[in-house]
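Here the structure is laid out as structure tokens; the discussion comes afterwards.
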Amino acid sequence: MLDLKQMNRAVIVGHKNIFEDTVDALHKANLFQIEDYNEDDSGLRIGRPFENVDEVSKKLIKIRSIANMLGIKDAAAKKQDKKALLSSLDTTLEELDAELDVKAGQKSNLEAELKELDSLKKELLPFANIPIDLDYYSGYEHLSVFAGAIKEDVESSISKITSSYESFYDAKEGTLVLFVTAEKSGEVADLLAKSGFRESRIPSGSGVPSSLLSTCESKEADLVKKIASIDAEMDSLKDKYADFIMASNEVLSIEAQKSEAPLKIATSDSTFIIDGWVPANDFAELERVVKEATNGRAFVSMQEMTKADEKIVPIEYNNSNVTAPFQEILDLYARPVYKELDPTALLFISFPLFYGMILGDIGYALILLAMAVAIKKIVSSDAVKPLMNILICCQVSTLIFGLLYGEFLGFSLASLHTEHESVSGLIPGFETIELFASPVGDEMITFPVHRTHLVMTLIIATALIGFIHINIGYLLGFINENKKHGMSAAIFEKGSWFVIEIGLLLAILGYAALSSSAIAMVGVVVFVIGVIMLLKGEGIKGPVELPSLLSNSLSYTRIIAVGLSSIYIASTVNLIAFEMIWEPGTPIGATTIFAIIVFLGGHGLNTALSIMAPGLHALRLQYVEFFGKFYEGGGRKYDPFGYIKKYTEE
């Protein structure tokens with residue numbers, strides 16, 4: 001359950017005349033990860049791509065360009081027959097490419113016209129309220145024309161310089177058009193400069209700007225319609241050819257992979273040698289596939305794994321379908337190295353457990369569960385589904401703890417009556433049952449468990465859970481060290497922590513007068529022995545980490561702290577909505593609607609926080625407190641040579 005798939009290093013050797021057959025067989029089998037060959041002094045060299053690589057690459061680039069142009073992405077599609085697809089591929093591809101070229105050209109021209117119109121509109125807009133034909137803005141011998149933006153009308157100042165002028169001022173746009181005799185243009189220019197005048201470019205063309213603007217808008221609307229029509233035609237092409245494009249991309253991608261495979265393989269003038277990895281359970285299948293494809297002319301041999309190989313062996317998980325989604329959490333941290341335990345199955349238990357303990361609310365659990373199921377059904381992405389499966393597991397745990405805590409959107413399901421307060425429950429007649437007194441904090445254990453009344457008890461309980469979780473980590477570390485470096489290293493590096501803990505426990509029991517002082521002394525001696533063992537196993541860094549025993553255990557108290565924060569947020573929303581804004585029994589009105597808005601908005605925000613906060617804190621407890629005790633990580637993913645077909649079939 002905690003072991004990775006065992007891997008074998010294998011070498012395939014054959015004559016060059018069966019090279020393509022061997023590569024084709026390996027690709028179909030999708031079992032063998034090819035190890036890149038690095039040239040050395042052996043006389044072997046990296047192979048050259050197969051002859052069809054250029055043709056395949058050109059077609060692949062073309063089909064991906066078309067897919068990008070039409071906005072076609074991976075989606076569910078009807079599978080295409082490979083032979084029928086290949087027979088029509090060239091013709092259909094050329095026809096589709098030619099048709100798209102025409103439409104893309106038309107759209108590009110229309111968009112260019114639209115851009116020009118937009119630029120012209122920006123130039124015309126300042127002059128929209130100036131009733132002068134654009135032809136009159138230039139072409140004079142004895143007149144100077146000033147056209148541009150100015151903050152205020154300066155006609156009165158100009159009249160002091162000359163009476164031979166004509167001005168038009170648009171206060172709304174701040175535009176001034178001024179005609180003045182050439183001999184006075186210098187003085188007028190100085191006046192305008194002092195008034196903050198900024199000259200504008202005179203639009204090209206002829207006609208009154210307001211009429212030209214109207215014409216531009218009409219042309220613009222027409223161009224937008226034409227572009228929309230082309231887009232609709234391209235959408236029609238997308239619907240018509242989507243299956244063909246995705247299937248063609250798959251077929252050509254497969255051919256490109258096979259054509260470029262020799263770039264990873266060692267070859268000579270007459271032979272090839274393919275080095276790589278295969279899961280141990282699939283080695284016999286690999287032999288069978290190669291033998292059938294080459295009529296027994298290629299040979300597969302298993303190589304003995306060395307210490308150097310263990311550092312580069314690709315890693316493949318060996319988990320059930322139930323626990324497999326939690327591999328995503330592990331991959332976010334690092335994939336295990338070879339001969340290291342895979343903690344995915346433990347994450348399947350502990351991550352939803354901590355998440356549910358933190359959130360523990362029936363209402364939020366049902367909301368998030370429905371959301372996760374809906375997203376899983378709507379979104380077909382292979383990357384999203386595992387995350388939704390994780391969320392579903394977490395909400396099942398949250399639902400269980402919600403029933404244990406008796407909480408629904410911040411409300412208590414059961415009534416609670418104590419000396420200090422009385423809490424009404426949502427379910428009439430459902431009373432809290434007192435079970436037994438807690439050994440700490442003078443608190444009473446009840447069902448349902450009211451977290452806000454058991455703070456000290458839950459702090460101790462979560463710290464104890466953390467202590468157990470951490471020791472499971474030490475146990476896994478012991479097993480890992482034994483597998484990697486032997487029993488002696490495991491005892492001194494990881495077993496020493498158990499000795500230290502036993503010593504501390506005996507010392508604490510002795511000093512707490514629960515046992516004799518002799519036991520306390522024995523505990524001190526055992527503790528010192530444990531520290532010496534740790535010093536031998538991990539060096540000086542081991543004793544330096546001793547305080548982490550306490551700090552890591554206390555870190556698990558965040559489970560109760562974050563959980564209480566969620567309760568108080570939900571309770572505050574309920575208080576504001578139903579006690580401060582609207583009281584039950586009052587007539588429905590504006591306050592009722594406002595209360596509903598506050599209730600939905602507040603719980604909507606808390607729902608979003610309920611995804612992030614419990615998830616992040618549960619994740620931290622795995623990565624920092626738990627993994628730090630045993631997990632190294634850093635393995636590379638097993639990536640077999642092959643392709644999982646989604647859109648084609650033989």
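Going by the structure shown, is Asp54 on the phi < 0 side of the Ramachandran plot, assigned to a helix (DSSP H, G or I), out of contact with any Leu (no Cβ under 9 Å at 6 or more places or on another chain) and of a type outside the set (Lys, Arg)? Yes: the conditions hold for Asp54.
A Cβ distance below 8 Å, combined with a sequence gap of six or more or placement on separate chains, defines the contacts here; from the range 208-225, residues that are more than 12 Å from Lys121 (Cα to Cα) reach residues that are exposed (fewer than 15 other Cβ atoms within 10 Å of the Cβ) in the pairs Val208/Pro131; Val208/Asp133.
If you go through the range 23-59 and pick out every residue that is touching a helix residue (DSSP H, G or I) at 6+ places or on another chain (Cβ under 7 Å) and either farther than 23 Å from Phe299 by Cβ or of a type in the set (Lys, Arg) (or both), you end up with 7. Scanning the range 406-440 for residues that are surrounded by fewer than 18 Cβ atoms within 10 Å (Cβ to Cβ) and aromatic (Phe, Trp, Tyr), we see that the one that is nearest to Phe578 (Cα to Cα) is Phe430.
Let's see how each residue does on (1) within 26 Å of Leu399 (Cβ to Cβ); (2) among the hydroxyl-bearing types (Ser, Thr, Tyr):
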position	(1), (2)
Tyr568	yes, yes
Asn574	yes, no
Ile593	no, no
Ser610	yes, yes
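Only residues that are surrounded by 15 or more Cβ atoms within 10 Å (Cβ to Cβ) and farther than 15 Å from Gly635 by Cβ were counted in the range 320-332, giving 6. Taking the listed residues Ser229, Ser253, Ser163, Ser206, the one that is modelled with pLDDT of 90 or more, polar (S, T, N, Q) and more than 30 Å from Ala25 (Cβ to Cβ) is Ser229, with no other qualifying. When Ile46 is tested against the conditions (1) at pLDDT below 95; (2) surrounded by 16 or more Cβ atoms within 10 Å (Cβ to Cβ); (3) touching a Leu at 6+ places or on another chain (Cβ under 7 Å), the lone failure is (2). Counting only residues that are polar (S, T, N, Q) and in a loop (DSSP other than H, G, I, E, B), which one in the range 232-270 is surrounded by the fewest Cβ atoms within 10 Å (Cβ to Cβ)? Among them, the one singled out is Ser270. More than 24 Å from Glu481 (Cα to Cα), surrounded by 13 or more Cβ atoms within 10 Å (Cβ to Cβ) and in contact (Cβ under 8 Å) with a residue 60 or more places away in the chain: does that describe Ala570? Judged against the criteria, Ala570 is a match. Note on the range 69-98: among residues that are exposed (fewer than 14 other Cβ atoms within 10 Å of the Cβ) and of a type in the set (A, V, I, L, M), the one that is farthest from Val379 (Cα to Cα) is Ala98. Answer yes or no: is there a residue in the range 242-254 that is under 30 Å from Pro126 (Cα atoms), out of contact with any Asp or Glu (no Cβ under 8 Å at 6 or more places or on another chain) and among the acidic types (Asp, Glu). There is no residue in the range 242-254 that is under 30 Å from Pro126 (Cα atoms), out of contact with any Asp or Glu (no Cβ under 8 Å at 6 or more places or on another chain) and among the acidic types (Asp, Glu).
Ile34 - would you say it is on the phi < 0 side of the Ramachandran plot, touching a Gly at 6+ places or on another chain (Cβ under 9 Å) and either surrounded by fewer than 17 Cβ atoms within 10 Å (Cβ to Cβ) or of a type in the set (Val, Ile, Thr) (or both)? Yes; evaluated as a whole, the condition is true for this residue. Entry remark, the range 5-23: residues being under 23 Å from Asp269 (Cα atoms) and surrounded by 15 or more Cβ atoms within 10 Å (Cβ to Cβ) number 11 in total.
Would you check which residues across the range 289-310 are part of a helix (DSSP H, G or I) and either surrounded by 13 or more Cβ atoms within 10 Å (Cβ to Cβ) or touching a residue at least 12 places away in the same chain (Cβ under 8 Å) (or both) and list them? Within the range 289-310, Val289, Val290, Lys291, Glu292, Ala293, Thr294, Asp309, Glu310 meet the criteria. Does Ile611 meet the test of being of a type in the set (Val, Ile, Thr), within 28 Å of Leu4 (Cβ to Cβ) and modelled with pLDDT of 85 or more? So Ile611 fails the test. Highlighted here are the helices (runs of 4 or more DSSP H) found entirely within the range 524-632 that include at least 1 residues which are among the basic types (Lys, Arg): 541-544, 558-575, 590-620.
Scan the range 603-650 for residues that are of a type in the set (Ser, Thr, Tyr), buried (at least 21 other Cβ atoms within 10 Å of the Cβ), farther than 30 Å from Lys79 by Cβ and out of contact with any Leu (no Cβ under 6 Å at 6 or more places or on another chain) and the total you get is 1. Could you look through the range 520-565, keep only residues that are surrounded by 15 or more Cβ atoms within 10 Å (Cβ to Cβ), over 49 Å from the mean Cα position of the chain (by Cα) and of a type in the set (Val, Ile, Thr), and pick out the one that is farthest from Ala613 (Cα to Cα)? Checking each candidate, the answer is Val522. Would you mind stating whether Leu506 is modelled with pLDDT under 90 and in contact with a Ser or Thr (Cβ under 9 Å, 6 or more places away or on another chain)? It is true that Leu506 is modelled with pLDDT under 90 and in contact with a Ser or Thr (Cβ under 9 Å, 6 or more places away or on another chain). Restricted to the range 337-366, and to residues that are under 17 Å from Ile569 (Cα atoms), out of contact with any Phe, Trp or Tyr (no Cβ under 8 Å at 6 or more places or on another chain) and not β-branched (Val, Ile, Thr), which residue is surrounded by the most Cβ atoms within 10 Å (Cβ to Cβ)? Residue satisfying both the conditions and the ranking: Tyr364.
One residue stands out in the range 319-343 among those that are among the β-branched types (Val, Ile, Thr) and farther than 15 Å from Asn480 by Cβ: the one that is farthest from the chain's Cα centre (by Cα), namely Val322.
The values are calculated or read from the model by the stated rules, or taken from the named source; none is laboratory data. Because the structure is predicted, anything quoted here is derived from the model rather than measured. Positions of Cβ are generated from backbone atoms using ideal geometry, with glycine treated the same way; all protein chains shown enter the neighbour counts.
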